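*Asks:* The structure is given below, and queries will be raised subsequently.
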Amino acid sequence: MSGGCGRNPPPFPDDEDQERAELDTQVLDSDEDDEDDEGEDIFTGARSKAITPTSAPDEGDIFSEEGSYVRSDVHHTTNGLHSDEELDLFTEATVELTLTNTTSQGRREIIGPTVSACNTTHVPNSILKPSIVTKTMEELKEEESGDQFELNIAVTNPEKIGDGMNAYMSYKVSTQTTLPMFLNKTFSVRRRFSDFLGLYEKISAKHSLVVGKEFLMLTLVGKEDSSSAEFVEKRRAALERYLQRVVAHPSLLQDPDVREFLERDELPRAVNTQALSGPGLLKMINRVSDAVNKMTIKINESDNWFESKLQEVENEEQLLRRLHAAVDSLVNHRKELCSNTVVFSKSVAMLGSVEENSALSRALSQLAEVEDKMEQLHQQQAFSDFFILAELLADYVRLLGAVRCCFEQRMKVWQRLQEAQSTLQKKREAEAKLLWANKPEKLQQAKDDINEWESKVSQYERDFERVTCTVRKEVLRFEKEKARDFKQHIVKYLESLLHTQHRLVKCWEAFLPEAKAIA
Amino acid sequence: MMQEGLDDGPDFLSEEDRGPRAVNVDLQTDATLQVDISDALSERDKVKFTVHTKSTLPNFKQNEFSVVRQHEEFIWLHDSFVESEEYAGYIIPPAPPRPDFDASREKLQKLGEGEGSMTKEEFTKMKQELEAEYLAIFKKTVAMHEVFLCRVAAHPVLRKDLNFHVFLEYNQDLSVRGKNKKEKLEDFFKNVVKSADGVLVAGVKDVDDFFEHEKTFLLEYHNRVKDSSAKSDRMIRSHKSAADDINRIASTLYTLGTQDSTDLCKFFLKVSELFEKTRKIEARVAADEDLKLADLLKYYLRESQAAKDLLYRRGRALVDYENANKALDKARAKNKDVLQAETTQQVCCQKFEKISESAKQELIDFKTRRVAAFRKNLVELAELELKHAKGNLQLLQSCLGVLKGDT
């Protein structure tokens with residue numbers, strides 16, 4: 001079945017058909033005929049039945065970023081400027097996707113499991129008119145028992161392969177899913193770091209306006225001691241977050257490169273990334289994530305959504321940086337506390353062994369043990385501080401930078417439009433001059449020019465509208481995701497704090513009678 | 001001998017009654033002489049303590065009176081005990097450490113300089129934090145000075161000291177100036193000589209098993225306590241730093257939360273509030289550890305040093321006695337200055353025996369006091385840690401309940 005007819009073509013690149021043929025996943029091939037509930041439909045959508053939306057069918061790459069889907073009976077309005085407030089209706093942990101068509105009404109739900117794998121797709125409400133939104137809400141409520149699709153990703157089991165100069169770390173990427181577009185329900189492959197880089201390279205160009213594809217591991221390229229357990233763990237966790245973020249985005253999940261990465265047993269060695277070691281890689285990543293700091297171009301906007309949103313993003317980035325610095329400091333102080341505690345514990349044990357009074361001596365050695373346990377608790381807490389909180393913040397600081405990047409790209413498109421318009425103006429003036437100077441032989445050329453530039457201008461106008469719409473939707477999708485992410489992580493962090501305090505209570509409860517027994 | 005504890009359990013970070021808080025007297029409350037510091041004033045570079053005495057002893061003109069004293073006058077009193085031959089056989093209560101607000105003042109200054117780089121709320125909060133820290137240090141120094149006086153007042157012999165009475169009663173300035181450079185240099189050399197001598201004296205094997213054992217024990221104990229004291233300080237400092245970080249996290253979250261009124265912002269505000277509260281508890285944990293553990297160790301560091309000093313004095317007296325004996329033998333052999341030698345020998349003998357007698361009791365009391373103080377403080381430490389951990393637990397549980405309920 002097809003998805004909403006009013007839906008725009010899925011975010012497949014142009015040569016996607018050939019690619020699809022190449023891939024072993026029969027699922028894709030069979031989908032074309034498949035009318036039934038296939039998760040694929042959500043993504044392929046209007047392949048079979050498409051009501052031409054108001055925007056031009058020639059989507060190009062910009063429009064392919066469209067990650068949202070509308071109901072069939074909605075006349076699609078490419079109006080990126082629709083109200084954002086409706087979004088709030090749908091900020092829930094489980095995000096649902098409405099998929100309707102004339103043949104069957106099925107509700108697709110893609111739910112992100114607990115904390116880690118955030119791969120929910122988002123409700124197509126950002127471009128709906130208010131009345132439609134309500135209807136969608138009702139329908140959602142009705143269909144409580146709809147199918148639910150899941151996608152969990154984990155990166156585990158770092159293993160060192162090979163020896164000496166050619167040794168590398170290989171990670172197990174496990175996927176567990178009920179999405180029909182995959183061959184199996186659970187599968188895993190082994191990937192190495194350069195494979196991840198390769199994936200990033202492939203998708204980064206195709207999805208220029210997607211926030212979330214960014215390879216955020218600026219700190220994990222090269223410099224650190226790559227053999228330490230801590231480094232490996234940091235890298236593993238970062239790779240996991242990277243993949244989870246990628247699949248959380250509907251357009252990226254659609255991308256065959258992503259699916260290939262997850263499914264295919266042997267990936268061709270990403271040759272390009274070999275050259276991208278250290279500085280080269282950093283430059284490539286920096287290009288994307290360190291967006292222009294000052295947007296000097298001013299766009300004449302009908303509403304100042306973009307301007308105020310950009311300001312918001314910039315503010316938030318600053319604050320998150322500050323927050324990250326504070327959490328980082330906390331991690332360091334806790335680590336310091338760990339080492340000081342262990343040292344103190346040993347010292348107290350020595351004091352206890354010297355003490356003559358036997359009950360006091362025993363109590364002091366018990367105290368030494370308590371301090372030892374505290375050290376372990378501090379250690380675990382520092383671990384949580386870092387992996388749950390600090391890394392989250394670091395990621396989002398950079399993601400916000402990527403958001404600014406999207407804004408910047410929109411600026412560029414607008415600029416191109418402006419330039420085209422001024423060129424058109426010049427051409428018209430030139431024509432006028434020719435008319436006045438009465439040079440008919442050059443007139444035809446001038447007219448041709450004008451036609452050329454007129455069509456360019458209208459093309460660029462459409463582009464700009466599309467980009468505006470896409471960026472706006474992307475920003476809204478991102479914000480929802482960010483809210484969910486933060487809430488989940490912070491709740492998890494608080495739970496870790498809770499756990500620590502529990503253990504603390506136990507420690508001291510055990511010690512108290514010993515102290516009281518001193519006589 | 002009365003039992004004394006170091007810190008009588010009062011919360012230095014909350015208002016407490018101004019009774020004789022440093023004296024943990026189990027058995028007899030001695031109404032004949034009660035000393036406490038009823039008030040204190042912190043001026044720019046000095047602290048003025050109001051020493052309040054209640055006594056039924058006939059030595060004093062009135063039954064109740066107060067004087068104002070500064071730190072140097074406490075030191076003067078302590079030194080007068082140390083230098084007096086009379087008290088050679090007693091453990092002299094260790095002198096209170098000099099009030100040190102330098103670190104705190106420096107922090108306040110740095111805060112003032114950095115005022116521009118933080119929000120108004122952050123600044124006010126940090127200022128409050130530092131002021132609380134200043135107040136805590138202040139209360140600690142008051143307690144240390146009070147403990148010193150109470151130990152003296154509780155000691156059956158030292159309490160009768162004339163200098164002590166003058167200290168308590170004389171309501172004019174004692175004109176005790178701090179030592180000038182020359183005197184400090186003299187002191188330095190005296191200490192060098194003393195420690196060299198101490199090594200010599202310590203090398204002399206004691207006839208008495210008890211003292212021989214004490215010598216070994218105290219030496220080792222002192223070193224271990226010194227080590228533990230330093231390390232506990234470092235540990236607690238890290239703890240305080242971590243609490244400060246949580247403070248920054250709380251205020252940044254608050255700023256984030258006030259940016260907008262979305263769900264996420266409300267979430268941030270709630271979490272910020274939680275961190276504010278847990279931060280306060282963490283700071284209290286560090287402060288209580290400081291009081292019950294670090295201060296305990298510091299005090300017994302000083303007191304074990306005082307006990308070592310006693311042993312040194314006794315050892316010195318023993319050596320003198322033995323030398324006098326040898327001199328007497330020599331004099332008798334030569335039959336020259338025998339009377340003088342005899343007198344010297346007698347004096348040395350008396351001195352040595354006097355010291356030995358009281359020293360034994362002092363050292364036994366020291367043990368008892370030590371065990372009692374450790375027990376009290378360790379129990380209180382454990383109870384406070386439990387209290388705070390449970391408090392934290394409750395805060396976290398209720399906040400998590402709210403947050404999970406919302407989402």
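The values are calculated or read from the model by the stated rules, or taken from the named source; none is laboratory data. Keep in mind that this is a model prediction, so the values were computed, not measured. Positions of Cβ are backbone-derived with ideal geometry, glycine not excepted, and every protein chain shown enters the neighbour counts.
*Asks:* Yes or no: B:ALA250 under 30 Å from A:LEU476 (Cβ atoms) and either more than 8 Å from every other protein chain (Cβ to nearest Cβ) or small (Gly, Ala, Ser) (or both)?
*Replies:* So B:ALA250 fits the description; yes.
*Asks:* Hey, which of the helices (runs of 4 or more DSSP H) in the range A:217-309, taking only ones fully inside, have at least 1 residues that are touching a Leu at 6+ places or on another chain (Cβ under 8 Å) and at pLDDT below 80?
*Replies:* Numbers: elements: A:229-248, A:250-254, A:256-263, A:271-275, A:279-289.
Result: A:271-275, A:279-289.
*Asks:* While we're here: On the given criteria, is A:LYS473 more than 7 Å from chain B (Cβ to nearest Cβ) and more than 30 Å from B:GLY401 (Cβ to Cβ)?
*Replies:* Details: more than 7 Å from chain B (Cβ to nearest Cβ): yes; more than 30 Å from B:GLY401 (Cβ to Cβ): yes.
It is true that A:LYS473 is more than 7 Å from chain B (Cβ to nearest Cβ) and more than 30 Å from B:GLY401 (Cβ to Cβ).
*Asks:* A further question on this structure: Based on this model, can you work out whether A:LYS442 counts as farther than 18 Å from A:SER302 by Cα and at pLDDT below 85?
*Replies:* Values: farther than 18 Å from A:SER302 by Cα: yes; at pLDDT below 85: yes.
So A:LYS442 passes the test.
*Asks:* Quick one: which residue in B:LEU384, B:LEU363 is under 29 Å from A:HIS499 (Cβ atoms) and buried (at least 17 other Cβ atoms within 10 Å of the Cβ)?
*Replies:* Values: B:LEU363 fails: under 29 Å from A:HIS499 (Cβ atoms).
Of the residues listed, the single one that is under 29 Å from A:HIS499 (Cβ atoms) and buried (at least 17 other Cβ atoms within 10 Å of the Cβ) is B:LEU384.
*Asks:* Being touching a Cys at 6+ places or on another chain (Cβ under 7 Å), buried (at least 19 other Cβ atoms within 10 Å of the Cβ) and either at negative phi or not polar (S, T, N, Q) (or both), is that true of even one residue in the range A:454-469? Spell out how you get there, then give the answer.
*Replies:* As a first pass, look at the range A:454-469 and keep what is touching a Cys at 6+ places or on another chain (Cβ under 7 Å): none.
The answer is no; no qualifying residue exists.
*Asks:* May I pose another question? Within the group A:GLU312, A:GLU317, which residue is of a type outside the set (Ser, Thr, Tyr), more than 8 Å from chain B (Cβ to nearest Cβ), under 26 Å from the mean Cα position of the chain (by Cα) and assigned to a helix (DSSP H, G or I)? If you could, list the steps in order and put the result at the bottom.
*Replies:* Working: A:GLU312 fails: more than 8 Å from chain B (Cβ to nearest Cβ).
Just a single option satisfies the conditions, and that option is A:GLU317.
*Asks:* If you don't mind, another one. Assess whether B:VAL152 counts as being closer than 25 Å to B:VAL68 by Cα, surrounded by 15 or more Cβ atoms within 10 Å (Cβ to Cβ), more than 14 Å from every other protein chain (Cβ to nearest Cβ) and modelled with pLDDT of 90 or more.
*Replies:* When the stated conditions are applied, B:VAL152 passes them.
*Asks:* Failed condition for A:MET411, given (1) crowded, with 18+ Cβ neighbours inside 10 Å; (2) modelled with pLDDT under 90; (3) in contact with a helix residue (DSSP H, G or I) (Cβ under 6 Å, 6 or more places away or on another chain); (4) more than 14 Å from every other protein chain (Cβ to nearest Cβ), with all others met?
*Replies:* (3)
*Asks:* Something else about it: Among the residues of the range B:173-207, write down those that are surrounded by 15 or more Cβ atoms within 10 Å (Cβ to Cβ) and part of a loop (DSSP other than H, G, I, E, B).
*Replies:* Within the range B:173-207, B:LEU174, B:VAL176, B:LYS179, B:ASP206 meet the criteria.
*Asks:* Is it fair to say B:LEU378 is part of a helix (DSSP H, G or I) and within 11 Å of chain A (Cβ to nearest Cβ)?
*Replies:* Values: part of a helix (DSSP H, G or I): yes; within 11 Å of chain A (Cβ to nearest Cβ): yes.
For B:LEU378, the condition - part of a helix (DSSP H, G or I) and within 11 Å of chain A (Cβ to nearest Cβ) - is met.
*Asks:* For B:LEU384, are the conditions met, namely being of a type in the set (A, V, I, L, M) and touching a Ser or Thr at 6+ places or on another chain (Cβ under 9 Å)?
*Replies:* Details: of a type in the set (A, V, I, L, M): yes; touching a Ser or Thr at 6+ places or on another chain (Cβ under 9 Å): no.
No: the conditions fail for B:LEU384.
*Asks:* Evaluate the range B:326-343: report whether one residue or more is more than 14 Å from chain A (Cβ to nearest Cβ), buried (at least 20 other Cβ atoms within 10 Å of the Cβ) and of a type outside the set (Lys, Arg). Working first, answer last.
*Replies:* Narrowing the range B:326-343 to residues more than 14 Å from chain A (Cβ to nearest Cβ): B:326-343.
From what's left, buried (at least 20 other Cβ atoms within 10 Å of the Cβ): B:328, B:341.
Still in the running and of a type outside the set (Lys, Arg): B:328, B:341.
For the range B:326-343, residues more than 14 Å from chain A (Cβ to nearest Cβ), buried (at least 20 other Cβ atoms within 10 Å of the Cβ) and of a type outside the set (Lys, Arg): present.
*Asks:* I would also like to ask the following. Going by the conditions given, is B:ARG370 facing chain A (nearest Cβ under 9 Å), crowded, with 17+ Cβ neighbours inside 10 Å, in contact (Cβ under 8 Å) with a residue 60 or more places away in the chain and closer than 23 Å to B:LYS308 by Cα? Before you say what the answer is, go through the steps one by one.
*Replies:* On the way: facing chain A (nearest Cβ under 9 Å): yes; crowded, with 17+ Cβ neighbours inside 10 Å: yes; in contact (Cβ under 8 Å) with a residue 60 or more places away in the chain: yes; closer than 23 Å to B:LYS308 by Cα: yes.
Judged against the criteria, B:ARG370 is a match.
*Asks:* Residues of the range B:240-267 being of a type in the set (Asp, Glu) and either in contact (Cβ under 8 Å) with a residue 60 or more places away in the chain or surrounded by fewer than 20 Cβ atoms within 10 Å (Cβ to Cβ) (or both), which ones?
*Replies:* Initial filter on the range B:240-267 (of a type in the set (Asp, Glu)): B:244-245, B:260, B:263.
Passing the criteria: B:ASP244, B:ASP260, B:ASP263.
*Asks:* Looking at B:LEU264, B:LEU293, B:LEU297, which one is assigned to a helix (DSSP H, G or I), facing chain A (nearest Cβ under 8 Å) and modelled with pLDDT of 90 or more?
*Replies:* Values: B:LEU293 fails: facing chain A (nearest Cβ under 8 Å); B:LEU297 fails: facing chain A (nearest Cβ under 8 Å).
Checking each option against the conditions leaves just B:LEU264.
*Asks:* Please verify whether A:GLU514 is in a helix (DSSP H, G or I), within 14 Å of another protein chain (Cβ to nearest Cβ), among the acidic types (Asp, Glu) and surrounded by 14 or more Cβ atoms within 10 Å (Cβ to Cβ), treating the condition exactly as stated. Outline the logic, then answer.
*Replies:* Values: in a helix (DSSP H, G or I): yes; within 14 Å of another protein chain (Cβ to nearest Cβ): yes; among the acidic types (Asp, Glu): yes; surrounded by 14 or more Cβ atoms within 10 Å (Cβ to Cβ): yes.
Yes.
*Asks:* Looking at (1) more than 7 Å from chain A (Cβ to nearest Cβ); (2) surrounded by fewer than 20 Cβ atoms within 10 Å (Cβ to Cβ); (3) at pLDDT 90 or above, find the lone condition where B:SER229 falls short.
*Replies:* Among (1) more than 7 Å from chain A (Cβ to nearest Cβ); (2) surrounded by fewer than 20 Cβ atoms within 10 Å (Cβ to Cβ); (3) at pLDDT 90 or above, the lone unmet condition for B:SER229 is (2).
*Asks:* Considering (1) farther than 24 Å from B:HIS155 by Cα; (2) in a helix (DSSP H, G or I), say which one B:ASP309 fails and leave the rest.
*Replies:* (1)
*Asks:* Condition (residue is within 30 Å of B:CYS265 (Cα to Cα) and either outside any helix (DSSP H, G or I) or away from chain B (no Cβ under 14 Å) (or both)) applied to the range A:477-492: is it met by at least one residue? Can you show your working first?
*Replies:* Within the range A:477-492, the first condition is being within 30 Å of B:CYS265 (Cα to Cα), and the residues that meet it are A:477-492.
Adding the requirement that they be either outside any helix (DSSP H, G or I) or away from chain B (no Cβ under 14 Å) (or both) leaves A:477.
The answer is yes; a qualifying residue exists.
*Asks:* Take the residues of the range A:340-362 that are touching a residue at least 12 places away in the same chain (Cβ under 8 Å) and more than 7 Å from chain B (Cβ to nearest Cβ): which is surrounded by the fewest Cβ atoms within 10 Å (Cβ to Cβ)?
*Replies:* So, considering only residues that are touching a residue at least 12 places away in the same chain (Cβ under 8 Å) and more than 7 Å from chain B (Cβ to nearest Cβ), the one surrounded by the fewest Cβ atoms within 10 Å (Cβ to Cβ) is A:SER353.
*Asks:* Can you pull out the residues in the range B:395-405 that are more than 9 Å from chain A (Cβ to nearest Cβ) and not aliphatic (A, V, I, L, M)?
*Replies:* B:SER398, B:GLY401, B:GLY405
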